[in-house]
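Derivation of every value follows stated rules applied to the coordinates shown; laboratory data play no part. Just so it is clear, the model here is predicted, and its values are computed rather than measured. Note that we place each Cβ from the backbone using ideal geometry, even for glycine, and neighbour counts take in every protein chain shown.
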Amino acid sequence: MAKRDYYEILEIQKNASEDEIKKAYRKMAIKYHPDKNPGDKAAEEKFKEAAEAYEVLSNPEKRQRYNQFGHAGVGGASGGGGFNGGGMDMDDIFSQFGDIFGGAFGFGGGGGGSRGGRRVNRGTNLRVKVKLTLAEIANGVEKKIKVAKHVSCKTCGGSGAKNGQYETCRVCNGTGVHTRVQQTILGAMQTQTTCNACGGEGRIVKDKCGTCHGDGIVREDEVISINIPAGVADGMQLSMSGKGNAAPRGGINGDLLIVIEEETHPDLKREGNHLIYSLSISFPKAALGTSVEVPTVDGRVKIKIDPGTQSGKVLRLKGKGLPDINSYGKGDLLVEISVYTPTNLSSDEKKIIEKLLESKNFEPNPNKKEKGFFDRMKEYFD
């Protein structure tokens, strides 16, 4: 099922300001908040959907990629083979956007009574570069990469505690925060700060795990399969939710960010979704016509050169370019022809050419203005 447009979800225009995006998300979050809609699965899904939209549109870099490439640019392409632009669970949402919830709703504050004020740990993101050939970009590809990362400790199950035993923090009484009420001229003002004793977790490891020494994570190599959709571009960043570093003592894993690097093709040059190939032919072949083979991303194809072909002519092979990442069709292969002029002629060759000079057919027409190469190429890109 295709994802809905993020701007449509938050009911805002594409030129919305950061403040408008935040207000729109707050409105949706209040409307579909699980504490306000207990047991309503549809409302919960819309709540998650709004959080996913806000997570992308509130980040200038992610918003730019989304505006340019759609869901695929932020790892949310339908059928993306494992990429997940959202996939956010409720703890993930309340952990990331607690500043927006912050008790302002009046019905559960920062995530409901069951969540309390405890901080949810989050692992850090990982960034890797993946090199792709034009053929891999054209068809999509699965890549397996080895990544050194933090993973959950198998000995303690990621808890950091021997036998999974914790003690409630005595400083904050398990809330994870210190609450302070101060009287001001405006009335009582309440502030909360993270508990220093437990780091906001509300609990302390009783006996530390001998393998991870109480951290709940260890360093290991992991082989990750990445399904890259067709049509990606150099510099594009995709993401795999939850494939980054594991969080200390449980919590939410970070994301794996995949930066695309496009390898240079020996013959083809990319221009958006179009490919350009420069073909050099001899004067006799240009004058008489011929058939030649040209490279594409999927192999070589034969094309016909009409008699009288001029240097600079551009032939268009429709659909032989690269697919659009948002499934808007494919680009073309543009073959730009140049007629080769030999530099070292034998005496016999010179006599033949001198003989041709006697014919007016070999003189250019001064009244016919030929378009330059960039003018001709502009016709294809506009």
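Roughly how large, in nm² to one decimal, is the mean projection of the convex hull of the alpha-carbon atoms in the range 166-315? Display every interim value, and only then the final one.
On the way: hull surface 73.5 nm².
If I average the Cα hull's projected area over directions, I get 18.4 nm².
What's the extension gain from GLU11 to HIS178 if we count 0.36 nm per residue and subtract their Cα-Cα distance?
Working it through step by step, the gained length comes to 56.4 nm.
Work out the FRET efficiency for THR193 and ASP40 from their Cβ-Cβ distance, taking R0 = 35 Å, and round it to the nearest 0.05.
Using R0 = 35 Å, I get an efficiency of 0.55.
Toward the positive end of the charge dipole of the range 297-370, about the Cα centre and with charges on Cβ (Lys, Arg +1; Asp, Glu -1), which of ILE305, TYR340, PHE362 goes farthest?
ILE305
Name the shape class, rounded, prolate or oblate, that the alpha-carbon gyration tensor gives for the range 237-370, where a ≥ b ≥ c are the square roots of its eigenvalues, rounded holds for a/c under 1.5, and otherwise prolate holds if a/b is larger than b/c and oblate otherwise.
In terms of gyration-tensor shape, prolate.
Which shape class applies to the range 285-325: rounded if a/c is under 1.5, otherwise prolate when a/b exceeds b/c and oblate if not, where a ≥ b ≥ c are the square roots of the Cα gyration tensor eigenvalues?
Here the range 285-325 falls in the prolate category.
Could you tell me which GluC sites (Glu not before Pro) in the range 142-249 are loop residues by DSSP with no more than 11 other beta carbons within 10 angstrom of their beta carbon?
Qualifying residues, ordered by number: none.
Name the residue from SER225, GLY200, ALA135 whose Cα lies farthest towards the positive end of the charge dipole of the range 115-271, charges +1 on Cβ of Lys and Arg and -1 on Cβ of Asp and Glu.
GLY200
Taking a quarter of the surface of the Cα convex hull of the range 297-361, what do you get in nm²?
On the way: hull surface 28.2 nm².
Hull-based average projected area comes out at 7.1 nm².
Any idea how far the Cα center of the range 235-272 sits from the one of the range 330-344, in Å?
The two parts, judged by their Cα centres, are 36 Å apart.
In terms of the Cα gyration tensor, with a ≥ b ≥ c the square roots of its eigenvalues, is the range 176-254 rounded because a/c is under 1.5, prolate because a/b exceeds b/c, or oblate?
Oblate.
Could you grab the relative contact order for the range 223-304? Cα pairs under 8 Å, six or more apart, rounded to a whole percent.
Computed over the range 223-304, the figure is 18 percent.
Distance cut-off 21 Å, Cα to Cα: go down the list LYS285/LYS351; LYS62/LYS144; LYS22/LYS48; LYS14/LYS62 and report the pairs above it.
LYS62/LYS144
Only loop residues by DSSP count here, and only those with at most 16 other Cβ atoms within 10 Å; note down the trypsin sites (Lys or Arg not before Pro) in the range 161-244 that meet that.
Qualifying residues, ordered by number: ARG170, LYS206.
To the nearest µm²/s, what D does Stokes-Einstein give for the range 122-240 at 25 °C and 0.890 mPa s, using the Kirkwood radius over alpha carbon pairs as Rh? Present the calculation step by step, with values, prior to reporting the outcome.
On the way: Rh = 18.4 Å.
Stokes-Einstein gives a translational diffusion coefficient of 133 µm²/s.
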